[in-house]
Amino acid sequence: MSLIRASISLAVPATAASIFFPDSVGYVAGGTAVVFLFAKTCSRPLANHAELDKIPYSCSSPPKEQQLTLTTCLIPRPKLRIILDLGGIKLEQLATSIAMALGLRRIPRPISDIDDPIWTIPTTEAAQAALALCQKTAGPHRQWIVNHCLRTFRFGAAVAEQLGTVYDEEVLFVASLLHDLAWTEPFDRDDLDFELLGAQAARDFCIHHGMSEHKSNVIHEMIALHTSPHILGLPEYAPEIRLVSQGAGMDVAGLFCEEISSETKLTVVKEHPRLNFKKCCCALMADHARRKPDTHMAVSCQMGFLTAIRMGPFDE
């Protein structure tokens, strides 16, 4: 069903949003709830990529093997919404710190051991093949991409542990390792969004390596939507889709950093060094934006996303 959004947009701390706007639909960006008030007559919100009929599902325990409508188009978000995304980081970090100090929110468990059970790396054929493909496409001169993908998995798993989210470990690992597949040749081609190119290649890879069509479709959506934080507040998306977006967002620009402890972040970075990540990532994204000016990533770069990366909480 078509949806008409009201013209009111508010950036408020996530904790406050749940209290003051319980009937609204929103998303979390940098830990800040950006709330969009919808007409009461609407039956469901539409994701900001294409008019797709999304079916509620969970990769971990789906009631049935349902056919998913795959994302085939990404529509760049309005510029105001991007500004709210980036500007909300510090606001929510402050709100979260206050909530923890007042005992209104559980303090994240510090994890100092990289072998902690929450980070168990799957030993399935598909998982090991995904790691090998990530290493092969990155090559010896782009090890920073491999480390970023591994940090994405570990950050996503740590967020899940903190929030008590049940998820499929194999699905999260494979999607994390392949979510930036189209940053590199031979998958970086045409003028399509790198998220969509990577999603298509990853889905084919998963099916080839014996994963079910359902899981392969979920991984497609995880990669296609990992740069679309508005999905985080929409209940029809599987938890794995949210986790890869949170893990990648945390590593790239410090989004959602308040969800895990500083000790946990240090543990992950020590195991998978950043290797001058900020400089390398910004150069690669700027190149993509220059070559593909009509893509979702290009609009984000125009609105200051590269500055957000450079100002992120990590040293490099």
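Given the pairs Lys79/Lys136; Lys215/Lys270; Lys79/Lys279; Lys136/Lys215, which are separated by over 28 angstrom at their Cα positions? Don't skip to the end; give the middle numbers.
Values: Lys79/Lys136 36 Å; Lys215/Lys270 31 Å; Lys79/Lys279 24 Å; Lys136/Lys215 23 Å.
Pairs exceeding the cut-off: Lys79/Lys136; Lys215/Lys270.
Each of Lys136, Lys292, Lys265 was scored by other Cβ atoms within 10 Å of its Cβ. Listed from fewest to most, they are Lys136, Lys292, Lys265. This ranking places Leu133, Leu80 by how few other beta-carbon atoms lie within 10 Å of each, fewest first, which gives Leu80, Leu133. Shown in residue order for region 124-136 are the 3J(HN,Hα) couplings computed by the Karplus curve 6.51 cos²θ - 1.76 cosθ + 1.60 at θ = phi - 60°: 5, 4, 5, 5, 5, 5, 5, 4, 5, 5, 4, 5, 5 Hz (x for Gly and Pro).
Scanning residues 5 or more positions from Ala238 or on other chains, those with amide H under 5 Å from its amide H are Tyr57, with H placed 1.01 Å from N in the peptide plane. Listed by Cβ neighbour count within 10 Å, with the fewest neighbours leading, Glu125, Glu259, Glu92, Glu271 appear as Glu125, Glu271, Glu259, Glu92. Give, rounded to the nearest 20 debye, the magnitude of the charge dipole that region 188-316 has about its Cα centre when Lys and Arg contribute +1 at Cβ and Asp and Glu contribute -1 at Cβ. Its charge dipole is roughly 380 debye. Across region 68-74, coupling constants 3J(HN,Hα) worked out from phi with the 6.51/-1.76/1.60 Karplus curve, θ = phi - 60°, read 9, 8, 7, 6, 10, 8, 10 Hz, and Gly and Pro carry x. Once you place label points 7 Å from the Cα toward the Cβ at Lys79 and Thr124, how far apart are they in nm? The modelled label-to-label distance comes out at 4.4 nm.
Projected onto planes of every orientation and averaged, the convex hull of the alpha-carbon atoms in region 108-218 covers 7.6 nm².
No lab work stands behind these numbers, since they all come straight from the coordinates. Note that this is a predicted model, so its numbers are computed, not measured. Note that we place each Cβ from the backbone using ideal geometry, even for glycine, and neighbour counts take in every protein chain shown.
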